[in-house]
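What follows is a single structure, written as structure tokens, with notes after it.
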Amino acid sequence: MTSSSLVPTDPSVLLTTAGMQQFKSYYVGKDDPMKDFGSKNTASIQKCFRTSDIDEVGDDSHLTFFEMLGNFSFGGYFKEGAIKLAYEFITGKDWMNLNIDHVSVFGGDTEILADEESEKIWKSLGIKDIRRAGREDNFWGPTGAEGPCGPTTEIYINRVEVWNIVFNEYYKTPDGKFKKLETSGIDTGMGLERLAMVSQGVPTIFETDLFAPLMAIVPTEDKKLKRVIVDHVRGAANLIADGVEPSNKDRGYILRRLLRRSIFHIVWIVNEPGRLKLDIGNAARELSERVAELIKPIADGVVKISPYLGGKHIVLINSIMKKEIGASIDLLRSTSELRKAIEKFKQNGDNVFPADEAFKIFSSYGIPPDFIRDETREAGLEFKWEDFEDERQKHQKISRAGAEKKFGGHGLILNTGELKAENEEELNRVLRLHTATHLLQQALREVLGREVKQMGSDITPERTRFDFSFPRKMTQEEIEKVEYIVNQKIKEDLPMQFVELPKEEAEKTGALYFFKEKYPEKVKVYYMGRDLKSAWSKEFCGGPHVKHTGEIGKLKILKEESVGAGVRRIRGAVE
């Protein structure tokens with residue numbers, strides 16, 4: 001059968017992780033294989049994607065995206081038939097003509113007995129090295145919260161596992177119990193990429209003819225870096241081709257993580273010592289060119305082995321990649337600072353990347369903590385998440401202690417000019433923060449939805465504090481997106497203007513207002529843009545504000561937290 005999409009119809013999983021997912025209904029008797037295939041047996045080549053292996057990518061054999069060769073039986077042949085077919089295919093002179101190093105079988109536990117039947121079958125075929133293993137290694141499934149599952153037997157060639165045969169004898173219920181299936185089935189999986197590796201006699205999957213041309217494109221001698229880029233862009237291309245778009249949740253978040261990690265690594269290569277010395281403008285342009293150079297041959301290679309893909313997918317892949325590059329520019333500016341810090345501590349002989357340094361990079365440049373963790377670990381330094389959180393808490397206390405010079409807040413009528421600032425410098429920061437808070441509210445509504453409403457605010461010369469209605473904690477990706485949108489609008493240097501209107505007429509403009517506030521019959525509507533109708537942001541407000549958004553500088557989101565049921569709080573500062 002042809003491959004199903006990486007986006008499954010099974011709601012219990014985000015992505016297709018195994019070849020058997022498209023056959024799940026046949027194992028439980030919901031569909032009839034005889035009616036659909038004319039047989040109780042079938043075979044397929046299935047696209048798969050596993051996030052569980054993402055930290056292993058870069059070694060000799062792990063990938064996120066891969067293709068799974070499988071043969072399946074729904075009440076036809078069982079253990080003996082499946083093992084003999086596998087043995088013939090692997091060792092037969094007319095087939096792969098390879099030698100089996102050893103096999104493994106399920107050794108049993110307190111719930112399920114050892115698979116002695118499979119052990120006897122392998123012995124009858126002349127395999128002497130048969131190893132028993134536990135639940136973690138030799139029991140498969142289910143995919144999702146419930147479904148068919150069972151013991152497995154694995155085949156190893158050159159110490160690499162290439163084939164896993166699952167004997168679907170059980171159904172795992174949502175409460176964790178195992179029930180015997182009425183009809184036993186066979187589910188096998190053999191990674192195309194690993195089979196290519198052992199059959200071509202190369203030491204890693206990245207030296208097969210599937211990957212070698214792609215590896216040659218990436219201009220670095222760092223093998224692990226090459227492998228991560230090639231795997232991630234290849235995986236991203238396939239996700240995009242199956243309709244996934246970058247977002248801040250679920251499978252869209254997985255795609256965004258792949259793209260951003262690839263982009264960051266490519267920038268590091270571009271700025272590698274001894275290579276091109278670029279300012280940020282050139283780096284962004286060079287990045288686009290390098291990504292295009294990498295993505296095109298990968299997309300071409302995918303098309304060659306995947307007949308369902310064509311030119312339209314290549315166009316789509318490049319289009320989405322370019323958009324994600326644009327969304328990552330602010331973070332890309334600071335990757336060199338992270339790299340410098342990592343190199344400094346490596347040269348000092350340190351084994352741990354200091355939490356205070358990690359927080360400094362996070363708060364100063366906006367690099368997400370999980371990216372700092374990934375990059376420091378790849379460089380051989382330990383990143384202690386709990387120490388980072390302690391450091392974050394310490395700075396939060398310092399921030400709270402500095403909130404003494406309060407002078408009013410966003411949403412109040414401040415047209416009297418009575419600002420509680422001690423000097424002109426503080427007044428300037430207040431205006432910048434006040435205007436930035438308008439941007440912040442609109443950006444939150446764009447990222448989280450129009451249900452976001454202001455619940456309160458407070459601004460000091462040091463920071464802005466904005467409370468809003470939202471039912472859950474924001475993800476790091478959502479926070480980054482909000483910050484990015486605000487800073488993009490600052491860069492656009494939009495004019496800040498106002499009109500004075502009767503309250504009812506002002507409400508009809510679509511301007512936002514704080515529902516708890518009592519407004520006079522005539523109000524000011526401040527808006528950012530050329531005119532009120534097309535303005536990007538418009539709100540009831542007494543002012544005052546900066547005249548153009550470019551005067552704000554740059555907004556940094558310092559913290560996002562809960563302040564009560566359904567209410568979140570963001571603290572931000574301007575640089």
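Read-outs throughout are calculated quantities, based only on the coordinates presented, and are distinct from any laboratory measurement. Since this is a predicted model, take the numbers as computed values, not measurements. Cβ atoms come from the backbone with ideal geometry, glycine included; neighbour counts cover every protein chain shown.
Listing for the model above:
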read-out	value
J(HN,Hα) series, segment 157-171, from Karplus relation 6.51 cos²θ - 1.76 cosθ + 1.60, nearest Hz, glycine and proline x	10, 6, 6, 10, 6, 10, 9, 10, 9, 9, 9, 6, 10, 10, 10
Cut-off under 5 Å, modelled amide H: who pairs with ILE157 long-range	ASP101, VAL162
Karplus (6.51, -1.76, 1.60) ³J(HN,Hα), θ = phi - 60°, over segment 485-502, in Hz, Gly and Pro reported as x	4, 4, 5, 5, 5, 5, 5, 5, 6, 5, x, 9, 10, 8, 10, 10, 9, x
Residue order, fewest to most surrounding Cβ atoms within 10 angstrom, among LEU512, LEU195, LEU555	LEU512, LEU195, LEU555
Segment 93-164: trypsin sites (Lys or Arg not before Pro) in DSSP loop, at most 16 other beta carbons within 10 Å	LYS93, LYS128, ARG159
Average Cα contact separation per residue, segment 424-574, under 8 Å, 6 or more apart, as relative contact order %	31
Karplus 3J(HN,Hα) series, Hz, for segment 235-247 with 6.51 cos²θ - 1.76 cosθ + 1.60 (x for Gly, Pro)	x, 4, 4, 6, 5, 4, 4, 9, x, 7, 10, x, 7
Within segment 479-550, trypsin sites (Lys or Arg not before Pro) in DSSP loop having at most 13 other beta-carbon neighbours inside 10 Å	LYS516, LYS518, ARG530, LYS533, LYS547
Built amide H within the under 5 Å cut-off of LEU512, gap 5+	LYS538, GLU539, PHE540
Amide H contacts under 5 Å for MET455, placed H, 5+ residues apart	ASP467, PHE468, SER469
Peptide ranges 448-456, 237-245 listed from the most packed, as the mean C-beta count within 10 angstrom indicates	237-245, 448-456
Calculated diffusion of segment 19-204, Stokes-Einstein form, Kirkwood radius summed over Cα pairs, 25 °C and 0.890 mPa s, µm²/s	144
Neighbour cut-off at most 10 other Cβ (10 Å), DSSP loop, chymotrypsin sites (Phe, Trp or Tyr not before Pro), segment 34-100	TRP95
Mean Cβ count within 10 Å, highest first, over the residues of peptides 468-479, 427-438	427-438, 468-479
Per-peptide average of other Cβ atoms within 10 Å, ordering 110-119, 341-350 highest first	110-119, 341-350
Segment 93-247, relative contact order in percent, only Cα pairs under 8 angstrom and at least six apart counted	15
Length added when fully stretched, ARG450-LYS394, from 0.36 nm per residue minus Cα-Cα	16.8 nm
